[in-house]
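One structure below.
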Amino acid sequence: MRLPDRSDVARVASAWWLPAALACTVGTLYICFSLAQWRTLSDPSWDLAIFAEAVQAYSRFEAPIVPIKAPGYNLLGDHFHPILALLGPIYRFFPSALTLLVIQDLLIAASVLPIARLAQRLFGRGGAVLVGLTYGLGWGLQGAVGAQFHEVCVAVPLLAVAGVAFVERRWGACMAWLAPVILVKEDLGLTVFVAGLALAWRRRGEDRSGMLMSLAYALFGIIAFIVTVKVLLPAVNPAGTWAYSLDGSATGAGTTMASKAAVHQIPSVWEILTTPPVKIKTLLILVAGAGIVGLRSPWFALVLPTLAWRFAGSVNAYYQWNYWHYNAVLVPIAACALLDVVSRWIQPEPGGADPEEPARASFEKYRRAAAWAAACVPTVSLALTASFLPLWKLPTLAESPRMAAAQGALNVVPAGARVESDTTLLARLVPGRDVYWVGTTVGMDTPPEYVVVDRQSYAWGGAEVDAESWASAAHPGHTYETIYSAQGFRVARRTS
């Protein structure tokens, strides 16, 4: 076997050192933000604790049972994300919800590598810095980091590598890298379906077998989606349904927190796109992220499934642009759509005129100028919106003065215990314990041994709550006593 010589190593190092440096820069910024957010005791939602409980179960080679959702609740009946089992071994060595935050930061940073490398090939090192940093600090990626860990972070590097392969016309690599996203979340099967159509459109001038293979790939995506939402999710969900159907009535199905809302009528296309107006902002930021010209790329169509289920849904948070974590999957799609278009300007296909843009040598400098202008659009957009994004707050994030009191509350809950809590310490309680949300233990024959309450948690809506009295009222026939009290944190232990 021929070993790589020194010139090969030097060539690879020359091509990749700058993209790697950009990825490290983005990863460092995000890890600093996550660490700072962790020290502030900031918990945007209970989702981090839910995923920590699931990954903890995977680390023990068990099904992802998540009592936070409901006693005995299998999280694969909520969303379909078996790919998270790959995180189990890491969690086994580093058992903390903070581990998931760092993993998410590293996955997002890794997605910078292929995109910055492609930008370097098209624009040179200046373009790599411009595109790589703008992409890495993109609105949807920052929003995902600010919202803490969610399964979609695993799809980000897969979409980035697949998108670059699409631009470089490496069709097999594109399909191979994108296929695993069906194991990240159920709706991403539709993204694979659209990718297959985009591949078929781009390959329409090639031999017939290439188009047929692309259409078969699209069929694979739609079948994966249907099987997941009609068979796999209902088989595991306690209510026997897909918990996030668009009518809004099934959200949370199979839990004690299930929605009681009436069935939501799917609105018209115009209402889907414009009501409420924040949807327009989300669309404008997305289009800017593609440099506007990226709309001409068939790859941009991959944003449609994600936008469709979000905008047609009944949850207002789905429409947001600056903090909603599902925007993360849109950012690599938009960036690759932009690079797809400008690559066809800068490097027209051989064999005559480019079907989308006349490629005459006399206009080369104008094409390059237009490509640079398009590449600058996402940067301008990021600069204008930076103050609304999570990283802007990084300098102001200081360690909570209640950190010592919070650690004291954690210390009095022993390993192996069953504990019920609100959001503030929910994720921190997970390692080595069975953790329940304060709303999911109603009706349990034997309630948790411990209840942890933070009187400042948003879960209580500003009401004055005491762990002992709340627990005794929530679990009739059982009594609790306070064993810890400091700076708003209360821990009560069951005595009956």
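Assessment of segment 423-431 against the conditions (over 22 Å from LEU41 (Cβ atoms) and modelled with pLDDT under 95) yields no matching residue. Being farther than 13 Å from TYR58 by Cβ and either among the hydrophobic types (A, V, I, L, M, F, W, C) or out of contact with any helix residue (DSSP H, G or I) (no Cβ under 7 Å at 6 or more places or on another chain) (or both) is the filter here, so list the residues in segment 78-92 that pass it. ASP78, PHE80 - these are the residues of segment 78-92 that are farther than 13 Å from TYR58 by Cβ and either among the hydrophobic types (A, V, I, L, M, F, W, C) or out of contact with any helix residue (DSSP H, G or I) (no Cβ under 7 Å at 6 or more places or on another chain) (or both).
Yes or no, residue by residue, for (1) at pLDDT 95 or above; (2) closer than 21 Å to ALA85 by Cα; (3) buried (at least 17 other Cβ atoms within 10 Å of the Cβ):
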{"position": "CYS174", "(1), (2), (3)": "yes, no, yes"}
{"position": "ALA179", "(1), (2), (3)": "yes, yes, yes"}
{"position": "VAL194", "(1), (2), (3)": "yes, no, yes"}
{"position": "LEU199", "(1), (2), (3)": "yes, no, yes"}
{"position": "ALA218", "(1), (2), (3)": "yes, no, yes"}
{"position": "GLY221", "(1), (2), (3)": "yes, no, yes"}
{"position": "GLY240", "(1), (2), (3)": "no, no, no"}
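Yes/no per residue for (1) more than 30 Å from HIS325 (Cβ to Cβ); (2) at pLDDT 95 or above; (3) surrounded by fewer than 21 Cβ atoms within 10 Å (Cβ to Cβ):
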position: PRO350; (1), (2), (3): yes, no, yes
position: SER362; (1), (2), (3): yes, no, yes
position: LEU384; (1), (2), (3): no, yes, yes
position: VAL413; (1), (2), (3): no, yes, no
position: GLY443; (1), (2), (3): yes, no, yes
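Just one residue in the set PRO395, PRO401, PRO378 is outside any helix (DSSP H, G or I) and either at negative phi or within 25 Å of the chain's Cα centre (by Cα) (or both); that residue is PRO401. Reported count of residues in segment 450-496, each being touching a Ser or Thr at 6+ places or on another chain (Cβ under 8 Å), hydroxyl-bearing (Ser, Thr, Tyr) and more than 20 Å from GLY416 (Cα to Cα), is 4. For segment 47-57, filtering for residues that are surrounded by fewer than 21 Cβ atoms within 10 Å (Cβ to Cβ) and either more than 15 Å from the chain's Cα centre (by Cα) or in a loop (DSSP other than H, G, I, E, B) (or both) leaves 1. Within segment 386-405, the set of residues being surrounded by fewer than 16 Cβ atoms within 10 Å (Cβ to Cβ), of a type in the set (A, V, I, L, M, F, W, C) and more than 30 Å from LEU295 (Cα to Cα) comprises LEU394, ALA398, MET403, ALA404.
If you go through segment 170-204 and keep only what is outside any helix (DSSP H, G or I) and in contact (Cβ under 8 Å) with a residue 60 or more places away in the chain, you end up with VAL184, LYS185, GLU186, ASP187.
Going by the conditions given, is PHE149 closer than 26 Å to PRO44 by Cα and of a type in the set (Phe, Trp, Tyr)? Against the criterion (closer than 26 Å to PRO44 by Cα and of a type in the set (Phe, Trp, Tyr)), PHE149 qualifies.
Of all residues in segment 443-450, none satisfies being free of Cβ contacts under 8 Å to residues at least 60 places away in the same chain and within 25 Å of GLY146 (Cβ to Cβ).
Please determine whether any residue of segment 38-60 is of a type in the set (A, V, I, L, M, F, W, C), more than 27 Å from ALA459 (Cα to Cα) and modelled with pLDDT of 95 or more. No; the residues of segment 38-60 include none that is of a type in the set (A, V, I, L, M, F, W, C), more than 27 Å from ALA459 (Cα to Cα) and modelled with pLDDT of 95 or more. Sub-8 Å Cβ pairs linking a first residue in segment 34-45 that is assigned by TED's automatic domain parsing to the domain that holds VAL102 to a second residue that is among the hydroxyl-bearing types (Ser, Thr, Tyr), at least 6 apart or interchain, are ARG39/SER400; THR40/SER400; LEU41/SER400; LEU41/THR424; ASP43/THR423; ASP43/THR424; PRO44/TYR323; SER45/THR423, ordered by first then second residue. If only residues of segment 364-380 that are of a type in the set (D, E, K, R) and farther than 14 Å from GLY124 by Cβ are counted, the one that is modelled with the highest pLDDT is ARG367. Summed over segment 291-349, residues that are of a type in the set (Gly, Ala, Ser), assigned to a loop (DSSP other than H, G, I, E, B) and under 16 Å from ALA373 (Cα atoms) total 1. In the set (1) in contact (Cβ under 8 Å) with a residue 40 or more places away in the chain; (2) in the same structural domain as LEU35 (by TED's automatic domain parsing), LEU384 fails one condition alone, (1).
The values are calculated or read from the model by the stated rules, or taken from the named source; none is laboratory data. As the structure is a prediction and not an experimental result, all values here were calculated from the model. In this analysis, Cβ positions are derived from the backbone assuming ideal geometry, glycine residues included, and neighbour counts consider all displayed protein chains.
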